1. Here are the criteria: (1) surrounded by 13 or more Cβ atoms within 10 Å (Cβ to Cβ); (2) modelled with pLDDT of 75 or more; (3) closer than 18 Å to Ile130 by Cβ. Tell me which single one Ala84 does not satisfy.
2. Could you look through segment 93-140, keep only residues that are over 11 Å from the mean Cα position of the chain (by Cα) and among the small types (Gly, Ala, Ser), and pick out the one that is modelled with the highest pLDDT?
3. Could you look through segment 139-175, keep only residues that are within 17 Å of Ala112 (Cα to Cα) and aliphatic (A, V, I, L, M), and pick out the one that is surrounded by the most Cβ atoms within 10 Å (Cβ to Cβ)?
4. Mind checking which residues of segment 28-42 are loosely packed, with under 15 Cβ neighbours inside 10 Å and assigned to a helix (DSSP H, G or I)?
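The values are calculated or read from the model by the stated rules, or taken from the named source; none is laboratory data. From a predicted model like this one, the values you see are computed outputs, not experimental measurements. So basically every Cβ, Gly included, is an ideal-geometry build from the backbone, and we count neighbours across all protein chains shown.
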Amino acid sequence: MNLPQQRAATPVRGTERSATRRAELIAIGRKLFADTSYDALSMDDIARQAQVAKGLIYYYFRSKRGYYLAIVQDSVAALVTSAAGGARLPAVDRVHRTVDGYLRYAESHQAAYRTIVSGGVGFDTEVHAIRDGVREVIVTTIAEGAYGRGDIPPVARMGLLGWVCGVEGATLEWIDRPGLPRDTMRELLVRTLGGTLRAIEELDPSCPAPPPARRDG
(Lines give C-alpha, C1' and ligand atoms only; values in the text may rest on other atoms or scores of the structure.)
Protein backbone atom coordinates (compact mmCIF):
# COMPACT_ATOMS: atom_id res chain seq x y z
CA MET A 1 0.00 0.00 0.00
CA ASN A 2 2.91 2.35 0.68
CA LEU A 3 4.68 1.68 -2.62
CA PRO A 4 2.53 3.93 -4.84
CA GLN A 5 2.98 6.78 -2.39
CA GLN A 6 6.75 6.34 -2.41
CA ARG A 7 6.83 6.38 -6.20
CA ALA A 8 4.68 9.51 -6.30
CA ALA A 9 6.93 11.32 -3.83
CA THR A 10 10.16 10.80 -5.76
CA PRO A 11 9.34 13.07 -8.74
CA VAL A 12 8.16 15.78 -6.34
CA ARG A 13 11.51 15.77 -4.55
CA GLY A 14 13.27 15.80 -7.89
CA THR A 15 11.17 18.73 -9.06
CA GLU A 16 11.93 20.64 -5.87
CA ARG A 17 15.65 20.01 -6.27
CA SER A 18 15.47 21.12 -9.88
CA ALA A 19 13.63 24.33 -8.98
CA THR A 20 16.14 25.05 -6.21
CA ARG A 21 19.09 24.50 -8.55
CA ARG A 22 17.52 26.72 -11.20
CA ALA A 23 16.94 29.47 -8.64
CA GLU A 24 20.57 29.20 -7.49
CA LEU A 25 21.80 29.63 -11.07
CA ILE A 26 19.56 32.66 -11.55
CA ALA A 27 20.90 34.23 -8.33
CA ILE A 28 24.46 33.68 -9.56
CA GLY A 29 23.59 35.11 -12.97
CA ARG A 30 22.15 38.28 -11.46
CA LYS A 31 25.54 39.12 -9.96
CA LEU A 32 27.49 38.14 -13.06
CA PHE A 33 25.44 40.22 -15.48
CA ALA A 34 25.27 43.15 -13.06
CA ASP A 35 29.07 43.42 -13.03
CA THR A 36 29.85 42.40 -16.62
CA SER A 37 28.16 43.17 -19.92
CA TYR A 38 26.19 40.46 -21.69
CA ASP A 39 28.52 40.34 -24.70
CA ALA A 40 31.64 40.12 -22.51
CA LEU A 41 30.47 36.91 -20.79
CA SER A 42 30.76 33.61 -22.62
CA MET A 43 29.05 30.45 -21.49
CA ASP A 44 32.48 29.16 -20.46
CA ASP A 45 32.97 32.27 -18.32
CA ILE A 46 29.56 31.85 -16.71
CA ALA A 47 30.11 28.16 -15.98
CA ARG A 48 33.56 28.81 -14.52
CA GLN A 49 32.42 31.64 -12.26
CA ALA A 50 29.30 29.72 -11.22
CA GLN A 51 31.48 26.64 -10.61
CA VAL A 52 29.13 24.37 -12.55
CA ALA A 53 29.35 22.36 -15.75
CA LYS A 54 28.39 24.37 -18.82
CA GLY A 55 25.95 21.63 -19.78
CA LEU A 56 23.94 22.30 -16.62
CA ILE A 57 23.22 25.85 -17.75
CA TYR A 58 22.20 24.59 -21.19
CA TYR A 59 19.99 21.99 -19.51
CA TYR A 60 18.00 24.59 -17.58
CA PHE A 61 18.07 27.54 -19.98
CA ARG A 62 19.10 26.19 -23.46
CA SER A 63 21.30 29.21 -24.30
CA LYS A 64 23.05 32.23 -22.83
CA ARG A 65 20.20 34.44 -24.01
CA GLY A 66 17.66 32.11 -22.42
CA TYR A 67 19.65 32.29 -19.20
CA TYR A 68 19.72 36.08 -19.29
CA LEU A 69 16.01 36.36 -20.06
CA ALA A 70 15.20 34.05 -17.14
CA ILE A 71 17.27 36.30 -14.85
CA VAL A 72 15.48 39.45 -16.03
CA GLN A 73 12.03 37.84 -15.75
CA ASP A 74 12.72 36.53 -12.25
CA SER A 75 14.04 39.89 -11.12
CA VAL A 76 11.05 41.71 -12.58
CA ALA A 77 8.60 39.39 -10.81
CA ALA A 78 10.30 40.03 -7.47
CA LEU A 79 10.34 43.81 -8.00
CA VAL A 80 6.67 43.92 -8.99
CA THR A 81 5.68 41.82 -5.96
CA SER A 82 7.62 44.16 -3.68
CA ALA A 83 6.19 47.36 -5.15
CA ALA A 84 2.59 46.41 -5.93
CA GLY A 85 1.27 45.57 -2.46
CA GLY A 86 -1.12 47.46 -0.26
CA ALA A 87 -4.17 47.23 -2.52
CA ARG A 88 -6.58 47.89 0.37
CA LEU A 89 -4.80 50.99 1.66
CA PRO A 90 -6.16 54.53 1.12
CA ALA A 91 -4.91 56.21 -2.06
CA VAL A 92 -2.11 58.31 -0.54
CA ASP A 93 -0.91 55.48 1.69
CA ARG A 94 -0.85 53.09 -1.24
CA VAL A 95 1.31 55.48 -3.28
CA HIS A 96 3.75 55.71 -0.35
CA ARG A 97 3.71 51.91 0.00
CA THR A 98 4.46 51.43 -3.70
CA VAL A 99 7.41 53.83 -3.71
CA ASP A 100 8.77 52.43 -0.47
CA GLY A 101 8.50 48.84 -1.73
CA TYR A 102 10.26 49.81 -4.95
CA LEU A 103 13.15 51.44 -3.08
CA ARG A 104 13.43 48.59 -0.58
CA TYR A 105 13.78 46.13 -3.43
CA ALA A 106 16.42 48.23 -5.20
CA GLU A 107 18.36 48.69 -1.97
CA SER A 108 18.26 45.01 -0.95
CA HIS A 109 18.73 43.51 -4.45
CA GLN A 110 21.06 45.96 -6.14
CA ALA A 111 22.46 43.55 -8.72
CA ALA A 112 18.98 42.42 -9.74
CA TYR A 113 17.74 46.00 -9.95
CA ARG A 114 20.63 46.99 -12.20
CA THR A 115 19.86 43.98 -14.38
CA ILE A 116 16.24 45.10 -14.77
CA VAL A 117 16.95 48.76 -15.46
CA SER A 118 20.35 48.75 -17.17
CA GLY A 119 20.75 45.25 -18.55
CA GLY A 120 23.67 44.16 -20.70
CA VAL A 121 22.22 42.88 -23.95
CA GLY A 122 22.12 46.07 -25.95
CA PHE A 123 19.13 46.39 -28.26
CA ASP A 124 17.04 43.27 -27.80
CA THR A 125 13.32 43.63 -28.37
CA GLU A 126 12.38 40.81 -25.99
CA VAL A 127 14.49 42.17 -23.14
CA HIS A 128 13.14 45.67 -23.74
CA ALA A 129 9.60 44.29 -23.70
CA ILE A 130 10.23 42.75 -20.27
CA ARG A 131 11.54 46.06 -18.93
CA ASP A 132 8.68 47.98 -20.52
CA GLY A 133 6.30 45.53 -18.87
CA VAL A 134 7.53 46.33 -15.37
CA ARG A 135 7.17 50.04 -16.10
CA GLU A 136 3.58 49.49 -17.15
CA VAL A 137 2.87 47.54 -13.96
CA ILE A 138 4.28 50.34 -11.82
CA VAL A 139 2.31 52.95 -13.79
CA THR A 140 -0.89 50.94 -13.30
CA THR A 141 -0.16 50.46 -9.59
CA ILE A 142 0.39 54.19 -9.09
CA ALA A 143 -2.72 55.01 -11.14
CA GLU A 144 -4.86 52.65 -9.06
CA GLY A 145 -3.48 54.20 -5.90
CA ALA A 146 -3.96 57.77 -7.09
CA TYR A 147 -7.18 57.48 -9.11
CA GLY A 148 -8.72 54.18 -8.00
CA ARG A 149 -8.42 52.78 -11.53
CA GLY A 150 -5.73 51.55 -13.88
CA ASP A 151 -7.46 52.57 -17.11
CA ILE A 152 -6.28 56.17 -17.49
CA PRO A 153 -6.23 58.66 -20.39
CA PRO A 154 -3.07 59.30 -22.47
CA VAL A 155 -1.99 62.44 -20.61
CA ALA A 156 -2.06 60.63 -17.26
CA ARG A 157 -0.29 57.57 -18.62
CA MET A 158 2.48 59.64 -20.24
CA GLY A 159 2.94 61.74 -17.11
CA LEU A 160 3.23 58.69 -14.85
CA LEU A 161 5.48 56.87 -17.32
CA GLY A 162 7.82 59.87 -17.41
CA TRP A 163 7.90 59.88 -13.61
CA VAL A 164 8.70 56.14 -13.49
CA CYS A 165 11.56 56.56 -15.98
CA GLY A 166 12.94 59.36 -13.82
CA VAL A 167 12.63 57.16 -10.73
CA GLU A 168 14.71 54.47 -12.43
CA GLY A 169 17.60 56.84 -13.09
CA ALA A 170 17.41 58.43 -9.65
CA THR A 171 17.28 55.03 -7.94
CA LEU A 172 20.33 53.80 -9.85
CA GLU A 173 22.21 56.89 -8.71
CA TRP A 174 20.97 56.38 -5.13
CA ILE A 175 22.21 52.78 -4.84
CA ASP A 176 25.48 53.61 -6.60
CA ARG A 177 26.21 56.55 -4.29
CA PRO A 178 24.73 55.70 -0.89
CA GLY A 179 24.27 58.43 1.67
CA LEU A 180 20.68 59.57 1.33
CA PRO A 181 18.43 57.67 3.78
CA ARG A 182 15.70 55.58 2.18
CA ASP A 183 12.97 57.52 4.01
CA THR A 184 14.28 60.78 2.56
CA MET A 185 14.57 59.28 -0.91
CA ARG A 186 11.01 57.99 -0.66
CA GLU A 187 9.66 61.37 0.37
CA LEU A 188 11.55 63.06 -2.46
CA LEU A 189 10.06 60.69 -5.04
CA VAL A 190 6.57 60.92 -3.55
CA ARG A 191 6.70 64.71 -3.65
CA THR A 192 7.89 64.77 -7.26
CA LEU A 193 5.04 62.36 -8.01
CA GLY A 194 2.68 64.84 -6.35
CA GLY A 195 3.89 67.50 -8.78
CA THR A 196 3.32 65.13 -11.68
CA LEU A 197 -0.20 64.31 -10.50
CA ARG A 198 -1.07 68.00 -10.16
CA ALA A 199 0.24 68.70 -13.66
CA ILE A 200 -1.86 65.82 -15.00
CA GLU A 201 -4.96 67.25 -13.28
CA GLU A 202 -4.36 70.65 -14.86
CA LEU A 203 -4.18 69.10 -18.32
CA ASP A 204 -6.96 66.56 -17.79
CA PRO A 205 -9.44 67.32 -14.99
CA SER A 206 -10.87 63.79 -15.28
CA CYS A 207 -7.75 62.70 -13.33
CA PRO A 208 -7.84 64.75 -10.11
CA ALA A 209 -4.76 64.49 -7.92
CA PRO A 210 -5.40 62.87 -4.54
CA PRO A 211 -5.22 65.26 -1.58
CA PRO A 212 -1.80 65.42 0.11
CA ALA A 213 -1.27 63.31 3.19
CA ARG A 214 -1.91 65.07 6.47
CA ARG A 215 1.08 65.37 8.78
CA ASP A 216 0.39 64.84 12.47
CA GLY A 217 2.05 67.19 14.88
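1. Every condition holds for Ala84 apart from (2).
2. Ser108
3. For segment 139-175, the residue satisfying everything is Val167.
4. Asp35
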